[in-house]
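Enquirer: One structure follows; several queries about it will come next.
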Amino acid sequence: MKKYTRQRLILDIIQNNEVKTQSQLSRLLKEQGVDATQATISRDIKELRISKVQTDDYEYKYTVIDTVYDSLNERMEKIFKESVLAVERSYQLVVIKTISYTATVCGLYITNAKLENIGGIVTGLDTIFITPKNLDEIDELIETLRSMVK
């Protein structure tokens, strides 16, 4: 198995499970058909910037610490909040008006928020069109998007 594929699997396992030890991670990898040595797993943990954090019950678990992503997401949030001018309904679409040349960044921020009722997003220079998966819940989607601006 290629290094990238193994590391992607490690990230998925850590994000979807409460992994407390390298041996537990090794066992979960084996369940996925990956046989990796302790040294390989340790090296992957370091390269992927995985750290142990204390849980609410005072135990430790692995988590992905990605300050580059966090700071980028924080900047996108700031741009989103400062750039969105209006969130409106237009028939079966949600239309978001933004300051010129910020719609793409705002659309990416919405995509990263992983809202459940978004079927698709199209961005222009100053407009975002969103089609909901469930038209009956379009008003809730609009309210969620408006609350993200505040």
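Enquirer: With without any contact (Cβ under 8 Å) to a residue 12 or more places away in the chain, of a type in the set (Val, Ile, Thr) and outside the structural domain of residue 17 (by the TED database) as the only criterion, which of 131, 102, 98, 111 stands out? Steps first, answer last, please.
Expert: Values: 131 fails: without any contact (Cβ under 8 Å) to a residue 12 or more places away in the chain; 102 fails: without any contact (Cβ under 8 Å) to a residue 12 or more places away in the chain; 98 fails: without any contact (Cβ under 8 Å) to a residue 12 or more places away in the chain.
None of the others qualify; the one that does is 111.
Enquirer: Would you please name the residue that is most open to solvent (accessible area, probe 1.4 Å), looking only at residues in the range 8-60 that are charged (D, E, K, R) and in contact with an Asp or Glu (Cβ under 7 Å, 6 or more places away or on another chain)?
Expert: Result: 49.
Enquirer: If you take the residues of the range 111-139 that are hydrophobic (A, V, I, L, M, F, W, C) and outside any strand (DSSP E or B), which of them is nearest to residue 72 (Cα to Cα)? Spell out the reasoning first.
Expert: First, the residues of the range 111-139 that are hydrophobic (A, V, I, L, M, F, W, C): 113, 115, 118, 121-122, 125, 128-130, 135, 138.
Those left that are additionally outside any strand (DSSP E or B): 113, 115, 125, 135, 138.
Details: 113: 13, 115: 19, 125: 20, 135: 32, 138: 28 Å.
Checking each candidate, the answer is 113.
Enquirer: If I filter the range 32-66 down to residues being of a type outside the set (Gly, Ala, Ser) and in contact with a Phe, Trp or Tyr (Cβ under 8 Å, 6 or more places away or on another chain), which single residue comes out as modelled with the lowest pLDDT? Steps first, please.
Expert: Let us first name the residues in the range 32-66 that are of a type outside the set (Gly, Ala, Ser), namely 32, 34-35, 37-38, 40-41, 43-50, 52-66.
Those still in the list that are in contact with a Phe, Trp or Tyr (Cβ under 8 Å, 6 or more places away or on another chain) too: 45, 50, 52-54.
On the way: 45: 92, 50: 90, 52: 90, 53: 88, 54: 85.
Within the range 32-66, the match that is modelled with the lowest pLDDT is 54.
Enquirer: Still on this structure, please answer the following. Of the conditions (1) closer than 30 Å to residue 143 by Cβ; (2) touching a Phe, Trp or Tyr at 6+ places or on another chain (Cβ under 8 Å), residue 81 satisfies every one except a single condition; which number is it?
Expert: Of the numbered conditions (1) closer than 30 Å to residue 143 by Cβ; (2) touching a Phe, Trp or Tyr at 6+ places or on another chain (Cβ under 8 Å), the odd one out for residue 81 is (2).
Enquirer: Test residue 111 against the stated conditions and say whether it is out of contact with any Lys or Arg (no Cβ under 7 Å at 6 or more places or on another chain) and within 20 Å of residue 15 (Cβ to Cβ). If you could, list the steps in order and put the result at the bottom.
Expert: Numbers: out of contact with any Lys or Arg (no Cβ under 7 Å at 6 or more places or on another chain): yes; within 20 Å of residue 15 (Cβ to Cβ): yes.
So residue 111 passes the test.
Enquirer: Residues that are over 30 Å from residue 146 (Cβ atoms): which strands (runs of 3 or more DSSP E) entirely in the range 1-110 hold 1 or more of them?
Expert: Working: elements: 50-54, 60-64, 84-90, 93-98.
Counting at least 1 such residues, we get 50-54, 60-64.
Enquirer: When you go through (1) modelled with pLDDT under 95; (2) closer than 30 Å to residue 3 by Cβ one by one for residue 77, which number turns out not to apply?
Expert: Tallying (1) modelled with pLDDT under 95; (2) closer than 30 Å to residue 3 by Cβ, residue 77 fails exactly one: (2).
The values are calculated or read from the model by the stated rules, or taken from the named source; none is laboratory data. What you see is a predicted model, and the numbers here were worked out from it, not measured in a lab. Neighbour counts run over all protein chains shown; Cβ positions are idealised from the backbone, glycine included. The protein model used for the area step is the full one, side chains on, heavy atoms only, and it has no ligands, DNA or RNA in it. Shrake-Rupley method; radii C 1.70, N 1.55, O 1.52, S 1.80 Å.
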